[in-house]
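A quick write-up on the structure given underneath.
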Amino acid sequence: MVDEYILRKNGKKKTDYPTPELKGILEETHGLFVYQEQIMKTASVLSSFTLGDADLLRRAMGKKKASEMKAQREKFLSGAKQNNFKEELAENIFNTMEKFAEYSFNKSHSTAYAYITFQTAYLKAYYPCEFMAALMTTEINTSEKVVSDIRECKEMDIKIYPPSINESGSGFTPLKKSIRFGLNAVKNLGTNIVKNIIDLRESQGDFKNLFEFLGLMDSRRLNKKTLESLIRSGALDEFGFNRATLFKNIDKLQSNVGINNKDANPDQESLFDNDQIYQIPDLDIVDEWDIFNLSKFEIETLGYSISINPLSAVEKKIKEINSKSIMEIKTLKDKSPVTVAVYITSIDIKTSKKNSNKYAYVNFEDSTGILEGIVFNDEILKYEPQLELGIPLLVSGYIENSDENIKLIVNSVNGNEAIKEIKNINLPLKINISRNITLNESKKLKKLLKSILVIQ
């Protein structure tokens with residue numbers, strides 16, 4: 001009905017009416033039933049229903065009770081016959097109204113919904129970043145909805161930046177053609193710790209370094225689990241240490257939390273009111289996590305791999321094996337066999353109360369979309385160690401396409417094949433330099449990096 005309405009409204013299809021007597025009722029909606037009042041008026045004009053009888057017809061259509069509908073149909077057809085309308089015409093009109101009742105509203109409700117729809121459609125079209133940031137903020141406590149919104153941002157070419165201890169707000173922040181991830185959406189960060197971070201920034205400015213941040217935080221709120229989430233999500237990246245190094249030294253970092261927080265340490269005395277002493281420990285520097293663990297930890301803390309697509313590392317291999325994309329899979333017929341290169345964004349393993357067998361609901365993803373999968377007991381027993389978040393997998397099975405809900409029934413999972421023969425993985429390198437450097441120093445730095453890295 002929606003497509004038909006649009007075609008008629010835009011003059012691409014002729015507007016016609018089931019019978020000329022209905023033109024006055026259906027003219028404003030281009031010959032189609034849109035409002036419940038139109039059903040009532042049609043019953044009155046064609047079958048001489050009173051307003052009370054017409055309202056009973058409207059209610060019966062809404063309830064969809066077979067016995068009531070049968071009685072209403074007979075009454076409608078009988079009245080139409082008495083008014084000299086052909087039985088076939090009356091039958092077709094009643095069938096149309098009955099189908100329309102599945103989605104109908106009265107005019108006042110429709111007006112309210114349409115008003116909001118036009119407002120939000122306008123905002124989404126002309127202020128896409130602001131609209132999507134506001135939408136994700138309203139849904140911030142429902143991870144599944146936020147992840148769905150992030151995918152939509154991707155389709156709209158809106159870049160999502162990971163959380164930042166200095167730049168993120170409590171909710172999602174719109175930027176120029178991009179959005180900054182909100183701190184309240186990071187798992188294991190409560191509203192109190194987020195408020196603590198933002199209050200400190202507002203009163204003292206951005207945190208200059210990692211140890212200033214740790215020292216000023218309230219140790220009663222920034223516990224080890226919260227610090228782990230900040231590290232794994234990328235919220236502390238701007239301080240110049242890679243995530244693996246921060247995680248390796250988490251106990252050292254934790255010992256610095258709150259040492260300059262006067263609220264948490266009321267007995268602490270200082271020579272000067274604004275004196276802040278940062279205990280900067282020697283950190284054990286280690287190599288960054290590989291691309292797969294970076295992705296895995298982002299999915300765990302953010303619900304989505306924001307900064308990394310784990311399949312990009314095996315893109316060449318995917319082309320060689322000629323696997324289908326999720327977008328292509330969604331066009332296949334029921335029971336079609338498929339092999340697809342994907343990574344897991346969520347997994348929920350359950351146990352049947354009936355026979356204690358395991359089964360799992362899995363969300364698979366690639367660059368073209370998301371696909372729900374089901375893994376049954378035998379396959380879980382065989383492949384459970386490989387069912388990790390963020391790891392490229394070759395998954396084989398068949399499509400279950402019913403009621404417009406497409407699922408992949410998993411028969412086999414191969415993680416080794418998906419990551420085999422990976423030699424070079426390109427990762428971005430960000431270096432924070434605390435002072436202006438000369439051109440000569442810049443050349444020396446580039447030469448040093450070139451000796452140990454592949455620079456493009």
Quiz item: Filter region 211-240 for residues that are part of a loop (DSSP other than H, G, I, E, B) and modelled with pLDDT under 95; which is farthest from Asp199 (Cα to Cα)?
Solution: Gly240
Exercise. For Gly62, state whether it is under 29 Å from Asp3 (Cβ atoms) and surrounded by 12 or more Cβ atoms within 10 Å (Cβ to Cβ).
Key: yes
Quiz prompt | region 1-36, subset within 35 Å of the chain's Cα centre (by Cα) and loosely packed, with under 15 Cβ neighbours inside 10 Å, residue farthest from Phe105 (Cα to Cα) | solution = Asn10
Practice problem: Go through region 342-394 and give me each residue that's among the hydrophobic types (A, V, I, L, M, F, W, C) and over 27 Å from Arg232 (Cα atoms). | Solution: Ile374, Val375, Phe376, Ile380, Leu381
Quiz item: Restricting the search to region 311-335, which residues are at pLDDT 85 or above and either β-branched (Val, Ile, Thr) or touching a Gly at 6+ places or on another chain (Cβ under 6 Å) (or both)?
Solution: Ile326, Met327, Ile329, Thr331
Quiz item: Under the condition of being under 22 Å from Asn293 (Cα atoms) and over 16 Å from the mean Cα position of the chain (by Cα), which residue from region 344-359 is surrounded by the fewest Cβ atoms within 10 Å (Cβ to Cβ)?
Solution: Asp348
Quiz prompt | Residue in region 385-398 that is nearest to Phe297 (Cα to Cα), counting only those that are surrounded by fewer than 18 Cβ atoms within 10 Å (Cβ to Cβ) and at pLDDT 90 or above | solution = Ser396
Self-check item: Candidates Ile374, Ile380 - the one that is crowded, with 16+ Cβ neighbours inside 10 Å and not polar (S, T, N, Q)
Solution: Ile380
Quiz item: Before we move on, is Lys154 modelled with pLDDT under 95 and either in contact with a strand residue (DSSP E or B) (Cβ under 6 Å, 6 or more places away or on another chain) or within 20 Å of Ser295 (Cα to Cα) (or both)?
Solution: yes
Quiz prompt | Filter result (among the aromatic types (Phe, Trp, Tyr) and buried (at least 16 other Cβ atoms within 10 Å of the Cβ)) within region 121-154 | solution = Phe131
Quiz item: So which residues in region 70-114 are out of contact with any helix residue (DSSP H, G or I) (no Cβ under 6 Å at 6 or more places or on another chain), closer than 13 Å to Ile39 by Cα and in contact (Cβ under 8 Å) with a residue 40 or more places away in the chain, if there are any at all?
Solution: Ile93, Thr96, Phe100, Tyr103, Phe105
Exercise. Taking the options Gly205, Gly190, name whichever one is surrounded by fewer than 18 Cβ atoms within 10 Å (Cβ to Cβ) and either without any contact (Cβ under 8 Å) to a residue 24 or more places away in the chain or within 29 Å of Asp282 (Cα to Cα) (or both).
Key: Gly205
Quiz item: Residues Lys358, Lys353: which one is in the same structural domain as Met327 (by TED's automatic domain parsing), among the basic types (Lys, Arg) and modelled with pLDDT under 90?
Solution: Lys353
Exercise. Filter region 97-109 down to residues that are among the hydroxyl-bearing types (Ser, Thr, Tyr) and surrounded by fewer than 16 Cβ atoms within 10 Å (Cβ to Cβ), then give me how many there are.
Key: 2
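The values are calculated or read from the model by the stated rules, or taken from the named source; none is laboratory data. Everything quoted here is computed from the prediction, not taken from an experiment. Neighbour counts are summed over all protein chains in view; Cβ atoms, including those assigned to glycine, are modelled from backbone coordinates with ideal geometry.
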